[in-house]
Amino acid sequence: MSQSIICMSYRETHNMLVKLIEIYNKRTFASNTDGKVEEYSLREVFVNPEHVVCLRENDSLKTRLSDTELGQDIHPAESYTKIYINRGQSGLDLDVVGDLTAIKNKLQGKKL
């Protein structure tokens, strides 16, 4: 039985990835039991659209952010989308900045 190995150059891989801005909680679940306000931050992430399973608006994040320093810095009209990514046996959820339609269009390679 032969195995095939496919190697892709950075350029080929990079063309498949879409850059998004993730909003994440800097505190882990275990470290957030002290009653302190959650602390969020932003970072760039690159997502392979072929592994995206589902997109959903994340209105609860907007509510949680309203009490944080970062929430005060982000425009109140901003929306957030939760992206569900397939990782084989498990999945990965990312909260990204942008409304559902804008994120969908970006993942499909459409101009905004």
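Things to note:
- Verdict on Ser31 being at pLDDT 85 or above and assigned to a helix (DSSP H, G or I): no
- Pairing residues of segment 84-104 that are more than 20 Å from Leu65 (Cα to Cα) with residues that are surrounded by fewer than 16 Cβ atoms within 10 Å (Cβ to Cβ) and of a type in the set (Asp, Glu), at Cβ distances under 8 Å and at least 6 apart in sequence or on separate chains, gives Tyr84/Asp93; Ile85/Asp93.
- Residue that is modelled with the lowest pLDDT [pool: residues in segment 1-28 that are in a loop (DSSP other than H, G, I, E, B) and within 22 Å of the chain's Cα centre (by Cα)]: Thr28
- Subset of segment 64-91 [of a type in the set (Val, Ile, Thr) and at pLDDT 80 or above]: Thr81, Ile83, Ile85
- Filter result for Val37 (touching an Asp or Glu at 6+ places or on another chain (Cβ under 6 Å), over 20 Å from Lys19 (Cβ atoms) and either modelled with pLDDT under 95 or surrounded by 14 or more Cβ atoms within 10 Å (Cβ to Cβ) (or both)): yes
The values are calculated or read from the model by the stated rules, or taken from the named source; none is laboratory data. Quantities reported herein were computed from a predicted structural model and do not represent experimental measurements. Don't worry about glycine lacking a Cβ; one is built from the backbone with ideal geometry, like all the others, and counts go over all protein chains shown.
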